[in-house]
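Read-outs: derived from the displayed coordinates by stated rules, not from any lab. Computed from a predicted model, the values in this text were never measured in an experiment. Virtual Cβ from ideal backbone geometry, glycine too; neighbours counted across all protein chains shown.
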Amino acid sequence: MESTTTRRSFYSAAIAGLGGLITAALAVPAAAYLLVRPKSQKQSDFVPAADLTQLTVGKPEEVVFRRTRVDGWRVLNEKSTAWVLRKDDQNVVAFAPQCTHLGCAYHWDEKENNFLCPCHTSTFSIDGKVLSGPAPRPLDRYVTRIDQGKILIGSEIQKA
Amino acid sequence: MLRSVIDWLEDRTGVESAIKHFLYEDVPASAGWHQVLGSVALFAFLTQVFTGMLLAGNYAPTPGEAYNSLRYIVTELTAGQLMRGLHHWGASLMIIVVVLHMMQVFVWGAYKKPREATWMVGAVLLLVTLAYGLTGYLLPWDNRAYWGTVVTTQIAALAPGAGPYVLRLLGSDGGSIGAVTFARFYAAHVLLLPPLTFLLIAIHVYLVRRHGVTPIPADEALPKKKFYPEQVFKDTVATFAWFAVLVAMAIAVRVPLGHVADPTDTSYIPRPEWYFLFLFQTLKAFEGPLEIVGAVVLPTLAILALFLVPFIDRGKVVRVRERIGAIALIVLCVLGWSALTARAIATTPPSTESPDAGLALIEPWQELPADQLAAIGAFRKDNCGNCHVLGKSSAGPDLTRAASQRPTDWLMQHFKQPAPNVATQLKNPELRGLAAFVTKRQDDAVKAWSGAPQAAVEGAMVYQANQCSACHKLNGVGMQTGPPLNGVADHRNREWLEGHFADPSKFSPGSTMPAYKLSSRDLDRLTSYIMDIPK
C-alpha cells in the first residue's frame, strides 16, 4: 500500500512539474514577444518645417511638414503639423497639435488671443498653459532647433 | 473557502465530476508507452494554435506586407525568431508525431471493429494536418513560398474536369498566384481549418472514449487500470520530450527566409516542404499524358486505401508479434518514402538563393545609389572631415544637421580650395558629385556617411569613375542597356564577376560590354561592392 501511494504521488508531482515547465517555456517568451518594445524603433531625425522669417513674432502659425515615421513593419512618409510660435530670433516653440485632454485638434483663436479646443472648450494661453476647461496639463511640445534660419522639428514630444 | 467555491461550481456546472470522470476512466492493463502518441499529437496542435495566434498579432496577411511584417517579427521583436521557429518546426514535428500515431494504431490493429470510425476520423485529421502545411507554406511570401505554391496549384489544376474549378477555388484563376490566392490560403489556414480540427479532434476523442483504449487479446481478463495518474504521467513525459526537441530546434535551427516573392525571377528552383518531397519525386516518374497518374490518380488511391484500411483488413484483433503483414507493409512504406525523399534531395540542384537572404540586415549604405556613396568617398579622400566633423559643429559647419544651401558654383570652388593655401586633388566629376550630395542628401545618406565601410566606398568610387551607370541600374540609378546589378550575388560568384570585367564576351556570349582593365585593388573593391548590394 505504502509503495502504491508513493508511486501515485510521484506521478502527480511529475505531471505537475513537467506541465509547469512547458507552460513556463511558452508563457515567458510569449510575454516578452508581446510586451517588449521592438528593437530598433528608430526615432527619425529633425526635419525642416519652416523658415524662421516666415513667422511673425508673437503669432502662432500652424505649420505643415513631412516626416518619416516607423509604424511597425512600415515606414511612412506622412504629413504632420505643429503650432509654431516664434518668440524672437533665437527661440521658437512648437506645440504638438492635439489637445492634452482627449486628443482633439485645437486652433488659435485670433479674437480671444488663446488656443481653443472645440471638443470640450479647453483654452490655452499663447505659452500653452491651461486657461480654462478640462485639459489636465499644458500643451505638449516638440523639441526644436534652429539652423541657418530654418526651424527643425524633432520627433520627440515633451510633456509638461 | 476554496472547497466551498469548488462545491458551488460542482453543484451549478458539474465540472469537478466531469474532470474526475475524464481522469479516472478505465484503461486496459496493457495500456502504456505505445499509446502516448495521441496525446502528444493533441499537444502539438495546441502549441501550433498558441504560436499561430501570437504570430498573427504582428502579421499583415497581404502579399508583400506579409513578408515585411514577418521580417519585422524575426528581426525586431524579442522572441520573434523563437515564435516563428516554434511554429515552423512545430508543424514539421506535428506531422511526424501524427504519422507515428497512425503507424502505431496500424501496427497494433487498433482500427478494427468497433473502432473503424475512430480510424477514419483520424485519417481525415491527417489530411487536415497536411492542408495546414500546404496553406501555411505560402504565408511568408518569399520566393520559396511563392514558387512552391505555384507548383502546388499547377498540380491541383491537373485534376480531370475539376482542374479549372479547383484553381478558381484557390483564387488562382488562370494559374497565377496573387492577392486572392493569398487571402484564400490565409483564410483556410486560420479561419477554416482550426475550427474543423477542433471539431474532428472532439469527435476522435469522443470515439476513443466510447470504445475505450484498445486492449490486447487476453487483456480483458486482467483488472483495469485508471487513466490517471500512470498513463497521464507517461503521456506527459512523452509530450515533454517532444516539446524539448521542438524548443531545441526553434533555438538552434534558423528558419529560412529568402527574398520577397518575385514572380519574374526565372532562376528560382522551387521545392516543396520535406514531407511532400516524396510526392514531388513520384511526379517526376510520370511524363506527358501520364503525369496525371502521379499527380492525381496515385495520391487519390493512396488516400482512399488509407481511409478504408478497417474494411480491407477485417480479421480479429491479434497480438502485435503476430501482425507480420502489417509490420512488413509499414517497413515497406517507410523504405519507399525514404528512398523517394533521398532521391528528390539528391537530384534537386542546390538553391541559388541563400536560405537566410531575407534575414541579413541591410545597412543604409547598401541601399544608397553609387554616385552618393562615391561622393562620400570624395569627402573622405580629401579629408573634408578634418574641418567638417560629422555630428558636431567644429571649424566647419556640421553637414549632417541640414543639407547645404550654398549654390553649386560656390561649393565647387570651395571643394577645390576649401581654405586659403589649401588645394584638393579632386577631379571635376568628383566635385560635381560631392556638390550634389551635400545639397540633396536624405536621412539614409547621412547614416551611410559615417557608417559605410571604406572598402565599399572605394568600390563605389571605382563604379563611378568607370561610369558603370551609363549601362547598368543599381539602387534605382542608371540606364538599363545592361542587366540591373541589384542582387547579382544571388546568381553569380566572385570568380565569374572578376573574369567578366576582364573579358565580358567570354562569360556572356553576345555581350556588348567593353573589357575593363582594372588594377587588382580596384577590381577587388568593385567586385566586393557590387556583390554587397542586395536585391
In percent, how large is the relative contact order of segment B:35-347, given Cα pairs closer than 8 Å and 6 or more residues apart?
-> 29
Would you mind calculating the gained length between residue B:300 and residue B:203 on full extension (0.36 nm times residue separation, minus the Cα-Cα distance), in nm to one decimal?
-> 32.5 nm
MRE, 222 nm, helices only [DSSP H, n ≥ 4, -39500 (n - 2.57), over chain A, to nearest 500] = -8000 deg cm²/dmol
Which of the GluC sites (Glu not before Pro) found in segment A:101-160 are loop residues per DSSP with 15 or fewer other Cβ atoms within 10 Å of their Cβ?
-> A:110, A:112
Does anything in segment B:43-57 have its amide N under 13 Å from the 7 Å Cα→Cβ label point of residue B:179, and if so which residues?
-> none
For segment B:35-347, take the alpha-carbon Rg, divide it by the Kirkwood Rh, and send me Rg/Rh.
-> 0.98
Take every residue in peptide A:21-32, count the Cβ atoms of other chains within 10 Å of its Cβ, and give the average of those counts.
-> 5
Just from its helices, what would the mean residue ellipticity at 222 nm be for chain B, if runs of 4 or more DSSP H residues each count -39500 (n - 2.57) and the sum is divided by every residue, rounded to the nearest 500 deg cm²/dmol?
-> -18000 deg cm²/dmol
Tell me, for the protein assembly as shown, which Cys residues have no other cysteine's C-beta sitting closer than 4.7 Å.
-> B:333, B:384, B:387, B:468, B:471
Would you mind calculating the relative contact order of segment B:134-182 from Cα pairs under 8 angstrom and at least 6 residues apart, reporting the percent as a whole number?
-> 28
Over the whole of A:14-20, what's the average partner chain Cβ count within 10 Å per residue? Rounded to a whole number, please.
-> 4
Which shape class, rounded, prolate or oblate, goes with segment B:470-522 when its Cα gyration tensor gives a ≥ b ≥ c as root eigenvalues, a/c under 1.5 marks rounded, and past that a/b bigger than b/c marks prolate?
-> rounded
The relative contact order of chain B, taking Cα pairs under 8 Å that sit 6 or more residues apart, comes to a percentage of 16
Compare the Cα positions of B:481, B:393, B:454 along the charge dipole of segment B:364-531 (+1 at Cβ of Lys, Arg; -1 at Cβ of Asp, Glu; about the Cα centre) and return the one farthest towards the positive end.
-> B:393
Which loop-located trypsin sites (Lys or Arg not before Pro) does segment B:457-505 contain, where loop means any DSSP state but H, G, I, E or B and the Cβ has at most 11 other Cβ atoms within 10 Å?
-> none
Take the Cβ-Cβ distance between residue B:387 and residue A:104 as r, set R0 to 60 Å, and report the resulting FRET efficiency rounded to the nearest 0.05.
-> 0.75
Using the per-residue mean of other Cβ atoms lying within 10 Å as a proxy for protection, in what order, highest first, do the peptides B:391-399, B:424-432, B:374-382 fall?
-> B:374-382, B:424-432, B:391-399
Separation of alpha-carbon centers, segment A:93-159 and segment B:254-290, rounded to whole Å = 58
With the Cα gyration tensor of the protein assembly as shown in hand, convert its eigenvalues to equivalent ellipsoid semi-axes via √(5λ) and list them largest first in whole Å.
-> 62, 39, 22
State the number of lysine pairs found in segment B:364-531 whose Cα atoms come within less than 24 Å, restricting to pairs 8 or more positions apart or on distinct chains.
-> 19
Excluding residues fewer than 8 places away in the same chain, name every one of the aspartates and glutamates whose C-alpha is closer than 16 Å to that of residue A:59.
-> A:51, A:88, A:89, A:109, A:110, A:112, A:127
In debye to the nearest 20, how big a dipole does the protein assembly as shown give about its Cα centre with +1 on each Lys and Arg Cβ and -1 on each Asp and Glu Cβ?
-> 860
Have a look at A:96, A:32, A:49 and tell me which one the Gaussian network model of chain A (Cα, springs below 10 Å) gives the largest fluctuation.
-> A:32
For chain A, built as a Gaussian network whose Cα springs stay under 10 Å, the top-fluctuating residue of A:37, A:145, A:86 = A:37
Extension reserve of the residue B:416-residue B:34 stretch, reckoned as 0.36 nm per residue once the Cα distance is removed = 129.2 nm
Using alpha carbons only, how many degrees (0 to 90, rounded to 10) separate the axis of helix B:2-13 from the longest principal axis of chain B?
-> 70
PRE zone check, label point 7 Å out along Cα-to-Cβ of residue A:57, amide N under 19 Å, scope segment A:89-121, hits A:89-94
Cut-off 13 Å (backbone N to label point 7 Å along Cα→Cβ of residue B:316), residues of segment B:195-228 | B:217-219
Label-point separation, residue A:3 to residue B:427 (7 Å along Cα→Cβ), nm = 9.3
